[in-house]
Structure formats: C-alpha cells, structure tokens
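As structure tokens, the structure follows; a few thoughts come after it.
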Amino acid sequence: MSRTRKTVAIILGTIVVLIVLFFIVLATFDWNRLKPTINQKVSAELNRPFAIRGDLGVVWERQPGESGWRSWIPWPHVHAEDIVLGNPPDIPQVTMVHLPRVEATLAPLALLSKMVYLPWIKLEQPDARLIRLSEKTNNWTFDLASAGSSEKDAAPSSWSFRLDNILFDRGKIAVDDKVSRADVTIVVDPLGKPLAFSEVTGEKGKGQPQKVGDYVFGLQAKGSYNGQPLSGSGKIGGMLALRSEGTPFPLQGDFRSGNTRVAFTGTVSDPLNLGGVDLRLKFSGDSLGDLYDLTGVLLPDTPAFSTDGHLRATFKEKNGSRFAYQDFNGRIGESDIHGSLTYSTGKPRPKLEGDLESRQLRLADLGPLIGVDSGGKGSQTERRKGEASPQPAGKVLPYDRFETDKWQVMDADVRFKG
C-alpha cells in the first residue's frame with residue numbers, strides 16, 4: 001500500500017472513530033446535568049419559575065419510516081418528567097402547569113436547513129390552572145425577558161419551527177376567574193377516533209364553504225359561574241387545528257348555568273386570534289333577563305323561553321365586536337317569537353337592534369316587560385330582588401317596580417310586529 005493510500009485510510013478511519021465516539025458520548029451522556037442550566041434559562045426568559053424535577057433523557061433511535069441512507073440516521077427521542085411551570089409574582093398560587101411526562105422526537109437532518117422539526121410531542125396528563133384576579137392581572141399573559149430588549153427593526157430569524165402533531169391522554173384545566181366569578185374545572189379526553197364535523201351536526205357541510213376540522217377531544221365541565229352552578233359537556237378539534245387560519249376549528253357544547261341552558265354547534269375561524277364565530281345556538285331558561293349575567297346583554301324579564309337560531313360573530317370590527325343572532329325561532333311563555341338581532345359593542349355603550357315578530361302573541365307573556373306579575377315561577381332576576389310581589393286583584397296598572405339601575409348599560413332599537 002502506498003503512503004498516500006495509508007494516509008487516506010488513516011484519515012477516514014479517524015473520522016469514523018470520531019463519529020462513533022460522538023454517538024457513544026451522546027448515547028451515554030447524563031442529560032440530567034443540564035437541568036439546572038435549562039431551569040435557570042427558561043425561568044429567566046419567562047419571568048416565572050420553571051423546573052424539570054424528574055428525569056431528563058435522550059434515546060437515539062432509527063426511524064422506521066425513513067428510506068435509503070436516511071434510515072441509518074438515528075433520531076433523538078427526548079423525554080422529561082415532572083415538569084412544573086409557576087405563576088408570575090403577583091399571582092399567589094404556586095403552580096400554573098404540571099406535566100408528569102413529556103416526550104418528543106426531533107428530526108436531525110432538518111437542522112441542516114435551519115428548521116426545528118418535531119414530528120410529534122406527547123403530553124402525559126397535563127394539568128393547568130388559569131387564574132385572573134383583575135382585568136389586568138392573569139397568569140396566561142407572559143412577560144418575556146427578551147421582549148423588552150429586542151429591536152423593532154431587527155431582521156427576522158432565518159430559523160423556522162414545525163410541529164406535526166400534539167398527543168395527550170386525559171388533561172385537566174381549572175379556571176379561577178375573579179372578574180366573571182367563574183370557578184370551573186374542565187376535563188379533556190381524546191375521543192376514540194376523530195369525528196367528522198358533519199357526523200355531529202348532521203348537515204354534511206351545509207353552509208360551510210370551507211372544510212371544517214374534525215372533532216378530536218371531548219370535554220366535561222363542572223363548577224360555578226357568577227354564583228350559579230355550571231355543568232356541561234362538549235367536543236372540540238385537535239390542538240394543531242388551533243393554529244390553522246384556513247380551516248375552521250369545530251366546537252360543540254351543551255351547558256347549564258342555574259336553570260339556563262346554552263347549546264351550540266359550529267366553528268371558530270383563526271381561534272388563536274378570535275377571527276370569528278359561526279354557530280347554531282340554542283338558549284332556554286326561566287327568563288330572558290337571566291341571560292345578562294351569562295352574556296352581558298341586557299334583556300327584559302319574561303316567562304320561560306327557548307330560542308334556536310344562527311349566531312355569527314366578528315371580533316375585529318372597527319368599533320368593537322359584532323354578534324348577529326339571525327333567523328331564530330322560539331317561544332316566550334305561550335307566545336311564539338321569530339326574528340334577527342344584532343348586538344354591537346362600542347362607545348359610548350353597546351347597542352342592540354333588530355326585528356322581532358310574533359304570529360300568536362299572548363298578552364299575559366308581555367306582563368313582566370311592563371312590571372305586571374305573570375303568575376309564573378320567579379326568574380333568577382326576580383329572586384335577586386327578593387320575594388316577588390303578586391299583582392293585586394282589581395289593579396290594572398303595573399304594580400312591580402322597574403329596575404332603572406341598568407338602563408344605561410346599552411342602547412336598543414328593536415322593532416316588533418305582532
């Protein structure tokens with residue numbers, strides 16, 4: 001063998017040995033040594049406590065789905081156990097999120113094209129608690145340390161991120177909102193298999209110009225809202241569908257708060273930015289006045305009611321949000337009611353406008369609107385006033401007092417035909 005061949009063989013052998021040693025070091029390295037550094041860096045960036053309290057490890061495995069020479073490249077399979085994310089300093093509770101275990105696989109060759117590519121990430125029994133103490137104080141708004149120091153005119157990063165799938169088993173979300181007086185626990189479970197939107201609605205895409213994502217998770221909710229017991233169930237789409245601007249995110253739910261029931265089926269467009277809502281929406285309860293605590297829309301006290309209509313909402317209008325409840329049909333007491341209403345937020349106050357029609361109007365059902373006792377059971381609003389005073393016998397004019405404290409809550413321009 002010539003000297004040149006020996007030199008080339010030595011160089012190639014050295015490279016092979018170095019590569020083998022490199023992978024041996026990676027395979028045997030104790031990744032737990034990095035936990036203090038990772039915990040410190042992430043906590044500093046998020047301005048809140050973060051800790052991997054359990055095992056941190058990496059297993060290198062060849063991917064069965066790869067072919068050719070790529071099938072010989074091992075991929076790192078990362079796992080971390082007992083992960084805790086805390087709250088900002090002005091939230092007294094300690095933990096916001098707890099994850100018993102997280103697993104993910106990284107595609108190494110994608111790094112050569114400046115892409116961090118995770119084919120999947122799996123969260124084991126995620127447990128989150130969302131807290132809001134006031135309009136400006138909550139634990140889901142992150143004040144990143146790098147946000148204040150980043151330059152506005154800085155060039156965008158040449159790196160990109162891709163995540164194909166998020167998997168998890170049973171998860172729990174607790175909501176403690178002092179503003180809306182909500183204290184609700186939501187348990188989320190994967191469905192046995194994804195359900196097509198048309199299977200739930202039974203409409204096979206009618207009125208949906210875009211393909212709608214499948215239902216992937218079921219949920220159960222229980223707790224209280226604004227002092228009333230709250231319970232219900234529903235279905236939602238997959239986690240990655242939340243990021244899809246072109247595919248509407250499916251929602252379905254049936255909830256009760258006190259004696260008021262709200263059921264809906266439909267979609268949210270661009271859900272992370274609240275692009276819009278398109279729902280078939282049903283309401284029922286003891287009185288329309290009870291919906292004020294639930295929706296913020298001031299409606300009169302009425303006998304028992306039910307409605308079924310189509311809600312379209314947009315949240316990025318120039319003067320605020322706009323909610324259109326269209327072509328609804330229902331009953332108030334023994335009277336039928338039909339029409340369309342639009343509720344717009346804005347200044348100086350919100351406004352309700354629209355057209356209502358009744359083909360068979362029972363005058364007794366109008367009694368609560370003008371302060372006359374209808375003889376029905378008291379609504380939630382009436383119970384807050386105290387014991388209801390019945391209309392005295394022989395009296396024609398309304399006996400009950402008007403609640404004027406909410407007359408400045410909104411403007412109304414509603415036309416009625418009956």
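Quick notes on this one:
- Neighbour net charge for SER244 - beta-carbon separation under 14 angstrom, K R +1, D E -1: -1
- The ranking of VAL58, VAL268, VAL297 from fewest to most other beta carbons within 10 Å of each one's beta carbon is VAL58, VAL297, VAL268.
- Order of ASP308, ASP365, ASP176 under a 10 Å beta carbon neighbour criterion, fewest first: ASP308, ASP176, ASP365
- Difference of contour (0.36 nm per residue) and Cα-Cα distance, LEU191 to LEU363: 57.1 nm
- Ordering ILE332, ILE186 from the fewest to the most neighbouring beta carbons within 10 Å gives ILE186, ILE332.
- 3J(HN,Hα) from dihedral phi, the range 173-184, Karplus parametrisation 6.51/-1.76/1.60, rounded to Hz, x for glycine, proline: 10, 9, 10, 10, 10, 6, 6, 8, 6, 9, 9, 10
- Within-9-Å neighbourhood charge of VAL175 [Cβ basis; K, R +1; D, E -1]: -1
- Sorting 125-135, 37-47 by their mean Cβ neighbour count within 10 Å, with the most densely packed peptide first, gives 125-135, 37-47.
- Amide H to amide H, with H built 1.01 Å from N, LEU191 comes under 5 Å of PHE217, GLY218, counting only residues 5 or more places away or on other chains.
- Residues in the range 68-73 carry Karplus couplings, in order, of x, 5, 5, 5, 8, 8 Hz; the curve used is 6.51 cos²θ - 1.76 cosθ + 1.60 with θ = phi - 60°, and Gly or Pro positions show x.
Only the coordinates and a few stated rules stand behind these numbers; no lab work does. Because the structure is a prediction, the values reported are computed rather than measured. For neighbour counting, all protein chains shown are included, and Cβ atoms are generated from backbone atoms with ideal geometry for every residue, glycine included.
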